[in-house]
């Protein structure tokens, strides 16, 4: 059962940032679709032509890197930010830029974007933050307003992949916590599920334990919330469950235990110990971990 959940464990494949674990301007549609451009050479290839906002022009005139500022601007607007890192103005970069340019207007109501030349000394901070210089180019990262990296696409990608980088609210919380090196307890319940309080007993007890307080995040998911359907599918949980389910995740997105109904702190601690030892299943493990081992 030790596995990386697709869409949760966004790892440092292809030399991208070594991460543990994968919203809003006003009514001005032109402003919403305006990119921040860190370098003019590739920007000139954009079709339609790239427009640079007044704030961006000011930054460029002062020769200040725009990558970190774009992250702050998107977060303050409660929007996603798509970061297009590139190094050379080669055919691969131009081809992916065309895909990027065609996609961004379609998500302009919930995302901003920025182009970053990884060789620009002024962009060193954002390049180093994500380890982008170690990745094949071009590279696109999707950043949620919380800072969680919900998608990473080195070298080649398509429109569907970019548009699929948006995470549900609960998934975003999980990704953020996992990328911060935290354990995540996902409590799936609502008013129609049984044993809700029993399911939270062990979860809250673990969170209250001084050893785990700062390293544990609790995320509650309503199984009937349509926005979380994709997340529940990744967790292999039927939205029509009639009992509370608790899923225990460890970085980078490894499912280390699953509980139906009640939980207790000792079982959760045991799951942590198994994960720390490199295994998510102990001897004779049962339904709360992996299927029981067959006797020879």
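Of note:
- Treating r as the C-beta distance of residue 213 and residue 110 and R0 as 30 Å, the FRET efficiency rounds to 0.35.
- Two-site FRET efficiency, residue 220 against residue 161, from Cβ-Cβ distance with R₀ of 30 Å, rounded to 0.05: 0.55
- Most simply put, region 169-276 has about 60% antiparallel DSSP beta bridges, counting only bridges with both residues inside it.
- Going from the residue with the fewest nearby Cβ atoms within 10 Å to the one with the most, 170, 135, 197 rank 197, 170, 135.
- Between region 208-222 and region 132-191, the alpha-carbon centres lie 20 Å apart.
- When each of the peptides 86-92, 74-80 is scored by the mean number of other C-beta atoms lying within 10 Å of its residues, the order from highest to lowest reads 74-80, 86-92.
A short reminder: the numbers here are calculations on the coordinates, not readings from a lab. This structure is a prediction, so every number in the text was calculated from the model and none was measured. Backbone-built Cβ (ideal geometry, glycine too); neighbour counts: all protein chains shown.
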